[in-house]
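Chemist: I'd like to ask you about the structure that follows.
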Amino acid sequence: MITVKNLHKTFQTLNGKLDVLKGINQNIEKGEKVVIVGPSGSGKSTFLRCLNLLEQPTDGEVWFEGVQINVPDCDINQLRQKMGMVFQHFNLFPHLTVLQNITLAPITLKLKTQEQAEQQAKQLLERVGLADKAEAYPVQLSGGQKQRIAIVRALAMNPDVMLFDEPTSALDPEMVGEVLQVMKELAADGMTMVVVTHEMGFAREVATRVLFMDDGQVVEEAAPDQFFTNPQNPRLQDFLSKVL
Ligand code: ADP
Ligand code: MG
């Protein structure tokens with residue numbers, strides 16, 4: 001579903017060039033749940049953002065569903081419809097109700113009629129236990145509720161893959177579970193997922209493969225059992241000793 005070949009990303013900064021991604025190669029199959037862990041600043045967010053071209057790769061290739069996407073004539077809007085993304089901060093529109101937040105894109109892009117979009121939104125809200133919040137505004141919701149709405153909003157586009165960038169990192173601890181629960185259900189439904197998280201329990205339980213990023217490279221990848229119980233790279237061993 002996603003193929004990344006020799007992906008490089010360099011940022012220009014006031015102090016010169018910063019090499020953030022240093023040659024990443026990955027193949028993500030349909031239905032896989034890939035969890036990415038690693039220290040802060042290692043390039044995890046930049047990697048995710050290169051997958052849907054929120055960042056333009058400096059070098060290398062990104063392929064999605066058989067088509068190379070980092071080419072000048074890529075239809076970015078179509079690409080983003082197929083790749084849902086959920087961020088640490090929920091980015092809901094404060095002046096729109098929950099229902100309007102969820103239906104805005106499908107209606108504006110004429111993917112659905114208003115009636116169809118609202119019907120689907122209500123089904124999705126039901127699924128995440130927030131059917132009673134359709135007419136609420138984001139300010140009236142808890143962090144966990146907002147993040148579940150952000151997930152629903154992404155799902156309303158019927159994406160083929162969902163990208164999550166630390167979706168629970170900004171939440172109060174008691175709200176982490178409800179968001180992870182929604183993500184687990186999505187995984188069980190067969191969604192292809194790429195998830196950056198510090199939730200090692202989620203990685204163990206849900207991942208088909210865990211990647212460890214350090215200094216712009218994937219330095220280890222394995223099934224969770226192997227990854228957590230028999231890490232090979234000393235930097236991963238050190239990382240796990242701090243987070244587990
Ligand atoms: P992570 O998500 O693993 O914490 P990031 O991908 O956010 O790491 O960042 C990796 C490095 O790239 C950091 O040093 C960060 O400061 C730098 N970086 C990220 N985005 C930009 C940008 N737009 N301009 C300059 N530097 C950036
Ligand atoms: Mg990040």
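The values are calculated or read from the model by the stated rules, or taken from the named source; none is laboratory data. Note that the structure is predicted; figures quoted are calculated from it, not measured. Counting neighbours? That spans all protein chains shown, and the Cβs are built from the backbone with ideal geometry, glycine included. For accessibility, only protein heavy atoms count, side chains too; no ligands or nucleic acids. Shrake-Rupley method; radii C 1.70, N 1.55, O 1.52, S 1.80 Å.
Chemist: Kindly indicate the residue of the stretch 4-57 that is surrounded by 17 or more Cβ atoms within 10 Å (Cβ to Cβ) and hydroxyl-bearing (Ser, Thr, Tyr) and also nearest to ligand 2 (Cβ to nearest atom) among those meeting that condition.
Modeler: Ser45
Chemist: Looking for whichever is aliphatic (A, V, I, L, M) and within 16 Å of ligand 1 (Cβ to nearest atom) here; the options are Val176, Val206, Val195, Val182. Which one fits? Lay out the reasoning, then the answer.
Modeler: Working: Val176 fails: within 16 Å of ligand 1 (Cβ to nearest atom); Val206 fails: within 16 Å of ligand 1 (Cβ to nearest atom); Val182 fails: within 16 Å of ligand 1 (Cβ to nearest atom).
Sole residue among the options that is aliphatic (A, V, I, L, M) and within 16 Å of ligand 1 (Cβ to nearest atom): Val195.
Chemist: Residues to consider are Gly43, Gly84, Gly60; find the one that is at pLDDT 95 or above, more than 17 Å from Met1 (Cβ to Cβ) and more than 11 Å from ligand 1 (Cβ to nearest atom).
Modeler: Details: Gly43 fails: more than 11 Å from ligand 1 (Cβ to nearest atom); Gly84 fails: more than 17 Å from Met1 (Cβ to Cβ).
Exactly one residue qualifies, and that residue is Gly60.
Chemist: Here is a further query. Considering every residue within the stretch 105-118, establish whether at least one is in contact with a Ser or Thr (Cβ under 8 Å, 6 or more places away or on another chain), open to solvent by less than 30 Å² (accessible area, probe 1.4 Å) and either without any contact (Cβ under 8 Å) to a residue 40 or more places away in the chain or more than 25 Å from Leu171 (Cβ to Cβ) (or both).
Modeler: Scanning the stretch 105-118, I find at least one residue that is in contact with a Ser or Thr (Cβ under 8 Å, 6 or more places away or on another chain), open to solvent by less than 30 Å² (accessible area, probe 1.4 Å) and either without any contact (Cβ under 8 Å) to a residue 40 or more places away in the chain or more than 25 Å from Leu171 (Cβ to Cβ) (or both), so the answer is yes.
Chemist: In the stretch 155-173, what count of residues is obtained for those that are buried (at least 21 other Cβ atoms within 10 Å of the Cβ), under 13 Å from the mean Cα position of the chain (by Cα) and away from ligand 1 (no atom under 16 Å from the Cβ)?
Modeler: Looking only at that region, the number is 3.
Chemist: Between residues in the stretch 233-244 that are farther than 12 Å from Gly38 by Cβ and residues that are of a type outside the set (Val, Ile, Thr) and surrounded by 12 or more Cβ atoms within 10 Å (Cβ to Cβ), which pairs lie under 7 Å by C-beta distance while being six or more apart or on different chains?
Modeler: Gln237/Pro231; Leu244/Met200
Chemist: Can I ask one more? Output yes when any residue across the stretch 231-239 is at pLDDT 95 or above, among the charged types (D, E, K, R), open to solvent by 30 Å² or more (accessible area, probe 1.4 Å) and under 29 Å from Gln78 (Cβ atoms), and no when none is.
Modeler: no
Chemist: Residues of the stretch 174-217 being within 26 Å of Pro234 (Cβ to Cβ), free of Cβ contacts under 8 Å to residues at least 40 places away in the same chain and buried (at least 21 other Cβ atoms within 10 Å of the Cβ), which ones?
Modeler: Once the filter is applied, which keeps residues that are within 26 Å of Pro234 (Cβ to Cβ), free of Cβ contacts under 8 Å to residues at least 40 places away in the same chain and buried (at least 21 other Cβ atoms within 10 Å of the Cβ), the stretch 174-217 yields only Glu199.
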